[in-house]
1. Hey, among the residues in the stretch 1-45 that are within 19 Å of residue 70 (Cβ to Cβ) and of a type in the set (A, V, I, L, M, F, W, C), which one's surrounded by the fewest Cβ atoms within 10 Å (Cβ to Cβ)?
2. Can you confirm whether the stretch 61-81 contains a residue that is over 13 Å from the mean Cα position of the chain (by Cα), among the hydroxyl-bearing types (Ser, Thr, Tyr) and modelled with pLDDT of 85 or more?
3. Looking at residue 42, is it modelled with pLDDT of 85 or more and not small (Gly, Ala, Ser)?
Amino acid sequence: MDLFGLTLGLPFAPIRGLIRLAELIEEQVELETRSPAGVRRRLEEIAEARRAGLMTEEEETEAVTRVLGRLTGRPGTDGTALPGDGERG
């Protein structure tokens with residue numbers, strides 16, 4: 001890269017770095033959402049929440065449908081948080 005390009009491009013380096021970081025995070029989330037181990041772990045968490053009485057049968061069905069929908073990429077499955085997301089005990 002020539003001196004002129006370096007001089008003009010340097011101020012944008014943090015922005016490019018932030019964009020790359022966001023891309024890496026997106027890739028990691030995609031891997032975890034679609035990996036068989038991650039899906040199985042999430043389904044087990046849902047089943048445990050149901051056994052513990054933290055969710056109703058309808059909520060369990062919805063949660064399982066969303067998890068499997070994300071795995072298969074079916075349209076109409078949103079990425080909203082499931083009951084118990086982020087709560088690890």
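1. Selected residue: 37.
2. The answer is yes, given that some residue of the stretch 61-81 is over 13 Å from the mean Cα position of the chain (by Cα), among the hydroxyl-bearing types (Ser, Thr, Tyr) and modelled with pLDDT of 85 or more.
3. Considered against the rule, which asks whether it is modelled with pLDDT of 85 or more and not small (Gly, Ala, Ser), residue 42 comes out as yes.
The values are calculated or read from the model by the stated rules, or taken from the named source; none is laboratory data. None of the values given here were measured: they were computed from a predicted structure. Positions of Cβ are generated from backbone atoms using ideal geometry, with glycine treated the same way; all protein chains shown enter the neighbour counts.
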